[in-house]
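Single-structure report; data block below.
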Amino acid sequence: MNQMTPPTQPDPIQPSAVSVRGLRKRYGALEVLKGIDFDARRGEVVSILGSSGSGKSTLLRCINMLEIPEAGTVTVDGTEIALVAQRGGGRRPADARAMDRMRARIGMVFQDFNLWSHKTVLGNVIEAPTHVQKRPRADCIAEARALLDKVGIADKADQYPARLSGGQQQRAAIARALAMNPTVMLFDEPTSALDPELVGEVLRVIRALAEEGRTMLIVTHEINFARDISDTVVFMNEGVIEESGPPEEVFAPGNNTRLARFIEG
Amino acid sequence: MDFEFLGQTFLKLLPGIPVTLELATVSLLLGACLALVFAVIRVRRIRPLNWLVIGYVYVFRGTPLLVQLFIIYYGLAQFPEIRNSFAWTYLREPYWCALLALVLNTAAYGSEILRGALLSVPRGQIMAAQACGMSGLLLFRRISFPIALRQALPAYGNEFILMIKATSLASLVTLADVTGIAARIIAETYRPVEVFVAAGTIYLTICYGLILLVRLAETRLNPDQRDPAPVARVGAARKEVTP
Ligand SMILES: Nc1ncnc2c1ncn2[C@@H]1O[C@H](COP(=O)(O)OP(=O)(O)O)[C@@H](O)[C@H]1O
Ligand SMILES: [Mg+2]
């Protein structure tokens with residue numbers, strides 16, 4: 001069908017939660033993102049599919065500026081992160097504090113959890129609320145316990161990450177991201193490092209968040225999961241968005257695109 | 001062995017213990033602060049300071065502490081600029097020369113230990129902190145440094161012990177530490193074996209106490225390793241069954 005679907009048009013009334021325009025990123029000679037245009041409405045769940053090396057992680061990392069793109073803009077909740085050219089090539093954030101404030105409003109969940117090993121699960125969850133948002137510790141603890149209960153590991157609050165299973169660690173990492181009450185959640189292959197029997201418990205938590213109406217960008221290889229929970233599915237290939245649209249469209253039978261062949265495996 | 005003489009010697013050496021402990025404590029504290037600054041300069045590649053630190057570490061790790069001590073004690077006096085400066089009030093005292101040599105020496109080793117520890121902090125944990133909006137000093141204080149410290153502690157504990165023993169060189173610039181007093185008693189009595197056995201016992205006791213302290217700090221900082229994991233317990237139980 002429509003091989004090069006244009007990116008979702010921004011809603012003129014409701015500004016996008018995330019808006020990406022003309023994003024380019026290269027590592028040395030390798031151009032990883034070759035001009036990405038992309039929007040996510042508030043409350044939209046977007047799944048990003050694509051083969052390994054197609055630039056999915058790089059796209060997520062450019063959205064919260066863990067990687068600084070060479071060209072293009074990223075706007076989160078109506079605020080664009082200003083980048084200025086720096087000596088010796090590349091760009092840097094014009095205002096590092098503004099970038100930190102923006103990052104505090106974007107939750108990120110990593111493939112390998114990246115919980116802080118020197119802190120308990122509760123310590124991980126309250127760290128940024130108490131030290132970045134500087135909210136009262138008691139409030140943060142109460143909220144953290146509620147979040148841990150929600151992701152089903154309330155009994156692990158005082159454990160150190162090394163003592164948890166992968167699935168429990170990832171759920172703790174999700175609670176840590178939620179504790180900042182982020183505008184948008186980024187998930188980078190949240191279940192790829194998990195043993196198969198632990199994938200379900202993490203997907204259940206993400207599904208519950210989707211049903212709450214949170215804005216989420218999810219890089220995943222779980223096709224059925226993506227089909228079930230996404231409002232929009234984006235297919236990336238070699239640094240470009242090759243196809244995007246509602247799941248019933250992009251997964252329609254007879255859709256003879258690279259995405260269809262990707263799903264076939 | 002003359003145990004009565006040994007006991008007398010032991011008592012005569014006791015006044016040297018505070019000197020030894022003070023030299024070790026002060027040089028380790030100051031040395032660790034310097035080491036941290038140097039390590040950060042190296043890890044962050046703050047130019048041109050990092051070149052200076054690289055040169056300094058190269059020199060101080062590549063030469064014996066005794067040579068460093070003698071160069072500071074005998075060598076600095078040759079420069080009229082130093083003799084006429086404010087620093088001379090300190091540098092003409094053997095105590096301050098010994099302290100300076102010890103501080104500079106341990107800071108060189110310590111900076112390498114801390115540099116390695118800072119480099120070993122998993123990149124992902126730093127990214128997770130950045131993703132939460134942490135940066136700069138906050139990120140260092142709350143995430144990088146505590147993780148690095150846990151990594152560095154076993155090696156730094158070793159450095160503590162080496163430094164306790166290194167303080168004995170201060171006796172060679174006339175300080176009355178444990179070794180300094182021991183040397184004096186030997187000169188008076190010509191009974192080196194008993195005297196050094198007594199001195200050695202004192203160093204052994206201090207080092208053993210220090211080892212316990214470092215171990216305590218390790219368990220305090222790594223509560224997740226305090227009680228053995230269930231798997232380890234199964235292994236231990238099995239060992240009991242099959243001798
Ligand atoms: N820090 C980096 N330095 C150099 N190359 C990188 C770096 N990060 C990613 N790449 C390369 O960029 C390409 C895209 O990576 P990535 O965005 O991680 O892909 P995906 O997440 O879709 O698998 C890959 O070829 C990868 O090797
Ligand atoms: Mg990836």
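Screening the range A:54-87 for residues that are over 15 Å from the mean Cα position of the chain (by Cα) and within 14 Å of ligand 1 (Cβ to nearest atom) and picking the one that is nearest to A:Arg101 (Cα to Cα) gives A:Ile68.
Annotation for the range A:213-222: at least one member residue is under 24 Å from A:Arg171 (Cα atoms), more than 16 Å from ligand 2 (Cβ to nearest atom) and in contact with a helix residue (DSSP H, G or I) (Cβ under 9 Å, 6 or more places away or on another chain). Considering only residues that are more than 13 Å from ligand 2 (Cβ to nearest atom) and in a loop (DSSP other than H, G, I, E, B), which ones fall in the range A:21-53? A:Gly28, A:Ala29, A:Arg41, A:Arg42, A:Gly43, A:Glu44, listed by residue number. Check the range B:121-135 and report whether any residue there is more than 12 Å from chain A (Cβ to nearest Cβ) and open to solvent by less than 20 Å² (accessible area, probe 1.4 Å). Within the range B:121-135 (the criterion being more than 12 Å from chain A (Cβ to nearest Cβ) and open to solvent by less than 20 Å² (accessible area, probe 1.4 Å)), the answer is no, since none of the residues qualifies.
Selection over the range B:47-69 of residues that are open to solvent by less than 40 Å² (accessible area, probe 1.4 Å) and free of Cβ contacts under 8 Å to residues at least 40 places away in the same chain gives a count of 3. Count of the range A:37-53 residues, restricted to those that are within 12 Å of ligand 1 (Cβ to nearest atom) and either hydrophobic (A, V, I, L, M, F, W, C) or modelled with pLDDT of 95 or more (or both), is 2.
Among the residues of the range A:69-100, those identified as at pLDDT 90 or above and open to solvent by less than 40 Å² (accessible area, probe 1.4 Å) are A:Pro69, A:Ala71, A:Gly72, A:Val74, A:Thr75, A:Val76, A:Leu83, A:Pro93, A:Ala98, A:Met99, A:Asp100. Taken together, the residues in the range A:114-145 that are open to solvent by less than 50 Å² (accessible area, probe 1.4 Å), more than 8 Å from chain B (Cβ to nearest Cβ) and touching a Pro at 6+ places or on another chain (Cβ under 9 Å) amount to 7.
Just to be sure, is A:Arg207 open to solvent by 20 Å² or more (accessible area, probe 1.4 Å) and more than 27 Å from A:Lys119 (Cα to Cα)? Judged against the criteria, A:Arg207 is a match.
One residue stands out among those in the range A:146-167 that are touching a residue at least 40 places away in the same chain (Cβ under 8 Å), open to solvent by less than 40 Å² (accessible area, probe 1.4 Å) and away from every other protein chain (no Cβ under 11 Å): the one that is nearest to A:Ile206 (Cα to Cα), which is A:Val151. Inclusion of A:Arg103 among residues that are assigned to a helix (DSSP H, G or I), away from ligand 1 (no atom under 16 Å from the Cβ), among the basic types (Lys, Arg) and free of Cβ contacts under 8 Å to residues at least 40 places away in the same chain is warranted. Count of the range A:128-149 residues, restricted to those that are assigned to a helix (DSSP H, G or I) and either in contact with a Gly (Cβ under 7 Å, 6 or more places away or on another chain) or small (Gly, Ala, Ser) (or both), is 5.
Return yes or no: is B:Ser111 hydroxyl-bearing (Ser, Thr, Tyr), within 14 Å of chain A (Cβ to nearest Cβ) and either in contact with a strand residue (DSSP E or B) (Cβ under 6 Å, 6 or more places away or on another chain) or open to solvent by less than 30 Å² (accessible area, probe 1.4 Å) (or both)? When the stated conditions are applied, B:Ser111 does not pass them.
Let me confirm something: among A:Leu194, A:Leu186, which residue is assigned to a loop (DSSP other than H, G, I, E, B), in contact (Cβ under 8 Å) with a residue 24 or more places away in the chain, within 16 Å of ligand 2 (Cβ to nearest atom) and of a type outside the set (Ser, Thr, Tyr)? One residue alone meets the criteria, A:Leu194. State whether the residues of the range A:54-62 include one that is touching a helix residue (DSSP H, G or I) at 6+ places or on another chain (Cβ under 6 Å) and either more than 16 Å from ligand 2 (Cβ to nearest atom) or on the phi < 0 side of the Ramachandran plot (or both). No: the range A:54-62 contains no residue that is touching a helix residue (DSSP H, G or I) at 6+ places or on another chain (Cβ under 6 Å) and either more than 16 Å from ligand 2 (Cβ to nearest atom) or on the phi < 0 side of the Ramachandran plot (or both).
Within the range B:136-156, the set of residues being over 21 Å from B:Leu213 (Cβ atoms), more than 9 Å from chain A (Cβ to nearest Cβ) and of a type in the set (A, V, I, L, M, F, W, C) comprises B:Leu137, B:Leu139, B:Phe140. The test for being in contact with an Asp or Glu (Cβ under 8 Å, 6 or more places away or on another chain), more than 8 Å from chain B (Cβ to nearest Cβ), touching a residue at least 60 places away in the same chain (Cβ under 8 Å) and crowded, with 23+ Cβ neighbours inside 10 Å holds for A:Val109.
The values are calculated or read from the model by the stated rules, or taken from the named source; none is laboratory data. The structure displayed is predicted, hence computed values, not measured ones. We place every Cβ from the backbone using ideal geometry, glycine too, and count neighbours over all the protein chains shown. When the accessible area is computed, the model is the full protein with side chains, heavy atoms only, and any ligands, DNA or RNA have been set aside. Shrake-Rupley method; radii C 1.70, N 1.55, O 1.52, S 1.80 Å.
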